[in-house]
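Peer 1: Take a look at the following structure, please.
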């Protein structure tokens, strides 16, 4: 059995456990332009509140240092719930294109399904919300 198949089989009980706690585990594909030059270290997910039509924080993930050889690098990241409690630390393979990074990350959605946007944080502060949105 391949390492990839073993990882998938090991993740299934974890996903089932998270779903049993009221959390939905969603995969999200993100492209982060300027990842390397801007030093992005956190991603915040924001859910649209239908009543006010504004976005509210829905959790975040802290990004770690890239691991592995060039061409086969992985990005570790730690999930946090909306109240800021630390959760799982996972990692994912990445694609690098110049100064940008593309990755499929797992997001622990503790809120109702809805429309989400993302912001990025670094030492200088937080970006505007992404122009695009996703439905989770």
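Peer 1: For 101, 30, what ranking results if the residue with the fewest other Cβ atoms within 10 Å of its Cβ goes first?
Peer 2: On the way: 101 21, 30 16.
By the 10 Å Cβ count, ascending: 30, 101.
Peer 1: Here's something else I'd like to know. Provide 70, 28, 104 in ascending order of the number of other Cβ atoms located within 10 Å of each residue's Cβ, fewest first.
Peer 2: Details: 70 7, 28 17, 104 12.
Fewest-to-most Cβ neighbours within 10 Å comes out as 70, 104, 28.
Peer 1: For the stretch 24-135, what does the convex hull of the Cα positions come to per residue, in cubic angstrom?
Peer 2: Numbers: hull volume 11.6 nm³, N = 112.
Considering the Cα atoms of the stretch 24-135, their hull volume per residue is 103 Å³.
Each value in this text was obtained by applying a stated rule to the coordinates, not by laboratory testing. Since the structure is predicted, the reported quantities are computational estimates derived from the model, not experimental observations. All Cβ positions, even for glycine, are placed from backbone atoms using ideal geometry, and neighbour counts span all protein chains on display.
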